[in-house]
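In what follows, a single structure is set out as structure tokens and then discussed.
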Amino acid sequence: ILSALSMSATAGIVWDEAVDGQLSTDRFTPTDFGTLATGSNDVIGTTVSGISKFFTFTIEEGTQLSALIVEGWESADDLGFLGVVTGDWFSVDPANPNVGDLLGYAHYGTLDVGQDILPTMGSGPGSQGFTAPLGPGDYSFWVRQGGADPATWDLNFVVTPIPAPAGLAVLALAGVAGR
């Protein structure tokens with residue numbers, strides 16, 4: 001039973017450009033990953049200066065996007081960009097971006113490998129901002145490389161169940177103890 005639970009808790013790779021093809025470069029029709037499963041959801045791609053890529057996914061009711069781990073970063077240039085908006089398409093024009101229209105964003109690179117950048121995105125200067133985790137809903141992302149050299153990256157979108165409020169957990173335990 002434990003192995004079945006651990007297998008269902010790890011979603012794995014949802015998109016790898018080397019296998020699944022290039023992510024969309026059209027913000028109006030981003031690559032759609034559907035509903036992310038509970039666990040790790042890796043997106044692996046390559047960007048180069050001047051090329052924006054877009055993807056979208058849904059966080060279903062009862063779950064939350066609790067972390068965004070930079071699992072990998074390889075580039076001679078150390079300036080990646082990741083922006084997020086709510087909705088199933090990227091509503092901010094990358095040709096003339098207004099940071100105030102972004103829910104959040106982060107610049108990331110080598111020093112962020114192994115780190116959760118979701119809180120950093122939520123505090124992107126001038127953005128709307130948010131406090132991690134992100135709850136149920138549709139989210140669209142814009143990924144871009146700031147330098148001239150290609151960047152290969154692996155971003156892990158970690159989805160977890162929304163914890164029950166402490167009061168409900170105590171009541172549930174009391175109900176079980178009373179039986």
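The values are calculated or read from the model by the stated rules, or taken from the named source; none is laboratory data. Computed from a predicted model, the values in this text were never measured in an experiment. FYI the Cβ positions are ideal-geometry reconstructions off the backbone, even for glycines, and counts take in every protein chain you see. Side chains are part of the model used for accessible areas, which takes the heavy atoms of the whole protein and leaves out ligands, DNA and RNA. Shrake-Rupley method; radii C 1.70, N 1.55, O 1.52, S 1.80 Å.
Here are a few things to note about the model shown:
- Cα centroids of segment 13-58 and segment 78-120: 14 Å apart.
- Fluctuation leader among ASN156, ASN41, ASN98 - the chain, Gaussian network, Cα springs under 10 angstrom: ASN98
- Charge dipole magnitude, Cβ of K and R +1, D and E -1 - segment 1-122, Cα centre, debye nearest 20: 120
- Leading residue at positive end of dipole, the chain (Cβ point charges), from SER49, PRO163, LEU134: PRO163
- Sulfur and carbon atoms: percent of accessible area, the chain [1.4 Å]: 58
- Neighbourhood net charge (12 Å Cβ-Cβ; Lys/Arg +1, Asp/Glu -1) for GLN22: -3
- Whole-number accessible area per residue in Å² for the chain, which is evaluated in the context of all protein chains at 1.4 Å: 50
- Inter-label distance, ILE51 to ASP138: 2.7 nm, where each label sits 7 Å from its Cα along the C-beta direction.
- Fully extending the segment from VAL99 to THR58 would add 12.5 nm, taking 0.36 nm per residue of separation and subtracting the current Cα-Cα distance.
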